[in-house]
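Okay, so here's the structure we're looking at.
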Amino acid sequence: MDLEQTLLAYMENDRQATQTAKILHIHVNTLYQRLKRIEDKLQISFSNPEDILKVQLACYLRNSIVSLT
């Protein structure tokens with residue numbers, strides 16, 4: 001299980017759980033379990049707008065750096 005891939009897909013799909021699960025070929029409940037693990041590891045909450053903004057920025061920067069290499 002790749003939590004980074006899950007997080008990137010979730011953010012790229014505007015936090016649409018059903019669409020993200022479909023893209024990752026997993027059940028939506030599996031996605032929710034992964035998102036909970038991500039919240040726990042990063043000590044954030046996807047219901048906190050400030051945390052969402054930080055994660056969105058981190059994902060954007062990660063994708064920008066990867067595209068440069």
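Table for the structure above
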| quantity | calculated |
| --- | --- |
| Residues of region 10-61 that turn out to be open to solvent by less than 90 Å² (accessible area, probe 1.4 Å) and polar (S, T, N, Q), as a count | 8 |
| Meets criteria (open to solvent by less than 30 Å² (accessible area, probe 1.4 Å) and polar (S, T, N, Q)) for T69 | no |
| Selected residue [among the aromatic types (F, W, Y) and touching a Leu at 6+ places or on another chain (Cβ under 7 Å)] from Y32, Y10 | Y10 |
| Given (1) over 13 Å from the mean Cα position of the chain (by Cα); (2) modelled with pLDDT of 95 or more; (3) open to solvent by less than 100 Å² (accessible area, probe 1.4 Å), index of the condition S64 fails | (2) |
| Scan of region 38-61 for residues that are touching a Ser or Thr at 6+ places or on another chain (Cβ under 9 Å) and either at pLDDT below 95 or within 16 Å of D2 (Cα to Cα) (or both), ordered by number | I38, E39 |
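The values are calculated or read from the model by the stated rules, or taken from the named source; none is laboratory data. Small disclaimer: the values here were computed from a predicted structure and weren't measured. Backbone-built Cβ (ideal geometry, glycine too); neighbour counts: all protein chains shown. What goes into the accessible areas is simple: the full protein's heavy atoms, side chains included, and nothing from ligands, DNA or RNA. Shrake-Rupley method; radii C 1.70, N 1.55, O 1.52, S 1.80 Å.
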